[in-house]
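Just so it is clear, none of the values below were taken in a lab; they were calculated from the coordinates. Values in this document were obtained by computation on a predicted structure and should not be read as measured data. Cβ placement follows ideal geometry from the backbone for every residue including glycine, while neighbour counts extend to all protein chains displayed.
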Amino acid sequence: MTTTTAINFRFSENDKGQLVLHRDGHDDVADVRLRRAFPWSKAEEFVSVRDDKGKEIVMIERLSDLAPEQRTVAERFLANNSFLPKIERVERVNNDFGYQMWNVISDRGPLQFRVQEREDIRFLPDGRFSIKDVDGNIYVMPRVDQLDEHSRHAIRAII
């Protein structure tokens, strides 16, 4: 893995709309993915550049270290590919089959997703929760005291 202490790579977009990573002395890598590292509150720091199998290739310590045109490309791909729905209401959580099936209302509408392990629900320092589903999607849920009574009841056995 390479970090951006010395910027020795650049991005471009291919004719398929994929992000391509170019590094001196290495083959170009098409269809790379940009992922923000936790905490999300520092969105401009520690952006992981991963291949299409999820293996990290480069870690961008600060987006501000990139040349302006490269930063614009990175920010556009991050904005277009970041999916972080906020759970507004928990309709139901079903535990019948050894996993949790969540039915929620989010800021993007109704969602249903499956959570495999209890460890996929994480308590955040500010009282919110992050929830990772079996597909690797991350959802953010507000603090329990900010949820309506129905939602608090729905998650009581889980949180």
**OP:** Would you mind working out the magnitude of the charge dipole of the stretch 87-155 relative to its Cα centre, with +1 at each Lys and Arg C-beta and -1 at each Asp and Glu C-beta, to the nearest 20 Debye?
**Re:** 40
Subject >> Around Arg128: net Lys/Arg minus Asp/Glu count, Cβ-Cβ under 12 Å >> reply: +1
Original post:
What does the charge dipole of the stretch 2-81 about its Cα centre add up to, to the nearest 20 debye, if the Cβ of each Lys and Arg holds +1 and the Cβ of each Asp and Glu holds -1?
Top reply: 280
Subject >> Computed [θ] at 222 nm, helices only, for the chain once each DSSP H run of length n ≥ 4 contributes -39500 (n - 2.57) >> reply: -4000 deg cm²/dmol
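Ile87: net charge of surrounding residues, Cβ under 11 Å, Lys/Arg +1, Asp/Glu -1, itself excluded?
Around Ile87, the surrounding residues sum to +1.
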Original post:
Under the Kirkwood approximation applied to all pairs of distinct alpha-carbon atoms, what is the hydrodynamic radius of the chain in Å?
Top reply: 17.6
Subject >> 5 angstrom amide H check on Arg62, placed H, neighbours 5+ away >> reply: Phe46
Subject >> Among Gln100, Ile159, Leu34 the positive-end extreme of the charge dipole of the chain (Cβ point charges) >> reply: Ile159
Original post:
Between Asp31 and Asp52, what is the spin-label point distance in nm, taking each point 7 Å from the Cα along the Cα→C-beta axis?
Top reply: 0.2
Original post:
Can you run phi through the Karplus equation (6.51, -1.76, 1.60; θ = phi - 60°) for the stretch 65-76 and list ³J(HN,Hα) in whole Hz, with x for Gly and Pro?
Top reply: 6, 6, 4, x, 5, 6, 5, 4, 4, 4, 5, 5
Original post:
Mind checking which lysines have their C-alpha under 22 Å from Lys132, skipping anything on the same chain fewer than 8 residues away?
Top reply: Lys42, Lys53, Lys55, Lys86
**OP:** Would you mind telling me which residue in Phe77, Phe46, Phe97 has the biggest mean-square fluctuation in a Gaussian network model of the chain, where springs connect alpha carbons within a distance under 10 angstrom?
**Re:** Phe97
**OP:** For every other residue with a beta carbon closer than 14 angstrom to the beta carbon of Leu78, add +1 if it is Lys or Arg and -1 if Asp or Glu, then tell me the sum.
**Re:** +4
Original post:
Which distance in nm do the two modelled labels at Asp135 and Lys16 give, with both placed 7 Å along the Cα-to-Cβ direction?
Top reply: 2.0
Original post:
If you place +1 on the Cβ of every Lys and Arg and -1 on the Cβ of every Asp and Glu, how big does the dipole about the Cα centre of the chain come out, in debye to the nearest 20?
Top reply: 360
